[in-house]
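First the structure, in the form of structure tokens, and then the observations on it.
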Amino acid sequence: MSIRSLIKAGAATVLCAFSLTVFCAPIEIKFSHVVAENTPKGQMAIRFKELVEKRFPGRVSVQVFPNAQLFGDNKELEALILGDIQLVAPSLSKFQKYTDKLQVFDLPFLFQDMEAVDRFQQSPAGQELLNSMEKKGLVGLGYLHNGMKQLSANSPIRLPEDAEGKKFRIMSSDVLAAQFDAVDAIPVKKPFSEVFTLLQTKAIDGQENTWSNIYSKKFFEIQPYITESNHGVLDYLVVTSAEFWHGLPDDLRPGIKKALNESIAYGNEIAALKGEEDKKAIIASGQSQVLSMTAEQRQQWVEKMRPVWKKFDGEIGRDLISAAKAANR
Ligand code: SIN
């Protein structure tokens with residue numbers, strides 16, 4: 001336990017022990033995230049706050065900080081480990097510093113749809129990944145869906161050669177960098193909070209993201225083309241620090257986990273709805289043209305990007321890749 005946590009815990013104990021009215025300072029959970037509130041993660045976080053505060057009045061308080069208000073995605077995991085926040089749900093592409101295994105989710109054209117992603121996440125191999133960072137002080141509490149990624153750009157992208165020489169913003173994953181290298185594009189790792197400005201100032205040409213992020217962050221207003229590529233998945237891992245989680249009173253931990261599971265289920269429902277709704281809203285806006293790919297065009301991308309699997313099979317593990325692949329039907 002860090003000195004800071006010890007002081008906090010000590011102060012709370014003294015307060016509880018000496019107060020005649022048995023007043024105890026509530027346990028504070030700060031949940032920080034980088035997306036808007038009208039997204040699967042934004043809604044899941046709000047639901048978690050509501051459930052926990054209703055079930056544990058005065059014992060647990062939850063504060064939600066959306067839109068990278070508190071920490072951007074470069075800093076949120078460090079802040080979690082330091083105890084400045086207690087809950088985050090970064091995209092699975094943002095854990096490379098802590099484990100290579102989660103990069104399995106970034107392999108291009110691995111999952112045929114979100115049902116396959118879900119099957120893999122709930123499989124023994126997927127569940128084992130939740131504990132893959134305990135030694136680094138991180139506890140995975142559950143997966144949360146967002147959806148499949150689409151490609152947005154300032155010129156129409158249908159074939160791999162259309163992406164050649166173009167700069168695409170990516171999350172901090174070497175697999176995603178290799179994916180764009182494979183089509184001779186230029187991957188640029190940048191935090192989510194900077195994407196709108198980078199696109200607006202044309203410092204980059206495009207980016208990959210889900211319908212809900214493209215809609216809620218208004219990327220569609222400044223990117224004239226979106227290719228419905230479904231080339232990869234953008235999901236989340238809800239994580240806390242081992243220190244916080246194991247330090248919770250035993251009578252609270254199961255209830256907090258139950259509230260979290262319920263809010264994840266709710267977030268997943270929102271994800272399924274928003275994928276469709278936000279795509280329709282983008283099309284209806286007329287500000288961005290949504291392009292589809294023919295089966296032949298898609299196959300060209302698959303072939304160009306397939307070497308990325310081989311490149312990372314040592315780090316990720318062949319068995320894990322096979323288990324993920326087996327989730328397709
Ligand atoms: C998020 O959905 O949390 C952000 C995704 C991104 O960085 O593109």
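The values are calculated or read from the model by the stated rules, or taken from the named source; none is laboratory data. What you see is a predicted model; the values in this text were computed from it and never measured. When we count neighbours, we look across all protein chains shown, and the Cβ atoms used for this are built from the backbone with ideal geometry, even at glycine. Accessible surface is based on the protein model in full, side chains and every heavy atom, while ligands, DNA and RNA are left aside. Shrake-Rupley method; radii C 1.70, N 1.55, O 1.52, S 1.80 Å.
Restricting attention to region 134-147, does a residue exist that is within 15 Å of the ligand (Cβ to nearest atom) and small (Gly, Ala, Ser)? Yes. Here region 20-78 is the region considered, the condition is being assigned to a helix (DSSP H, G or I) and either modelled with pLDDT under 95 or acidic (Asp, Glu) (or both), and the residue that is nearest to residue 234 (Cα to Cα) is 76.
Being of a type outside the set (Ser, Thr, Tyr), surrounded by fewer than 13 Cβ atoms within 10 Å (Cβ to Cβ) and not in a loop (DSSP other than H, G, I, E, B) is not true of residue 315. Restricting 271, 265, 203 to residues that are in contact with a His (Cβ under 6 Å, 6 or more places away or on another chain) and more than 18 Å from residue 53 (Cβ to Cβ) narrows the list to 271. Exactly one residue out of 172, 193, 229 is among the polar types (S, T, N, Q), within 14 Å of the ligand (Cβ to nearest atom), under 25 Å from residue 285 (Cβ atoms) and under 21 Å from the mean Cα position of the chain (by Cα): that is 193. Considering region 184-293, the qualifying helices (runs of 4 or more DSSP H), each wholly inside and each with 1 or more residues that are more than 20 Å from residue 67 (Cβ to Cβ), modelled with pLDDT of 95 or more and open to solvent by 30 Å² or more (accessible area, probe 1.4 Å), run over 242-247, 253-285.
Which residues, counting only those in region 160-169, are within 18 Å of residue 193 (Cα to Cα) and either at pLDDT below 95 or surrounded by fewer than 22 Cβ atoms within 10 Å (Cβ to Cβ) (or both)? Matches in region 160-169: 167 only.
Within 13 Å of the ligand (Cβ to nearest atom) and within 20 Å of residue 41 (Cα to Cα): does that describe residue 115? For residue 115, the condition - within 13 Å of the ligand (Cβ to nearest atom) and within 20 Å of residue 41 (Cα to Cα) - is not met.
Answer yes or no as to whether residue 157 is β-branched (Val, Ile, Thr), buried (at least 20 other Cβ atoms within 10 Å of the Cβ), within 21 Å of residue 289 (Cα to Cα) and touching a residue at least 24 places away in the same chain (Cβ under 8 Å). So residue 157 passes the test. Tallying residues that are open to solvent by 20 Å² or more (accessible area, probe 1.4 Å), away from the ligand (no atom under 16 Å from the Cβ) and within 17 Å of residue 210 (Cα to Cα) within region 62-112 yields 2. Within the option set 292, 229, 288, 241, being among the hydroxyl-bearing types (Ser, Thr, Tyr) and over 28 Å from residue 185 (Cβ atoms) holds for one residue only, 241.
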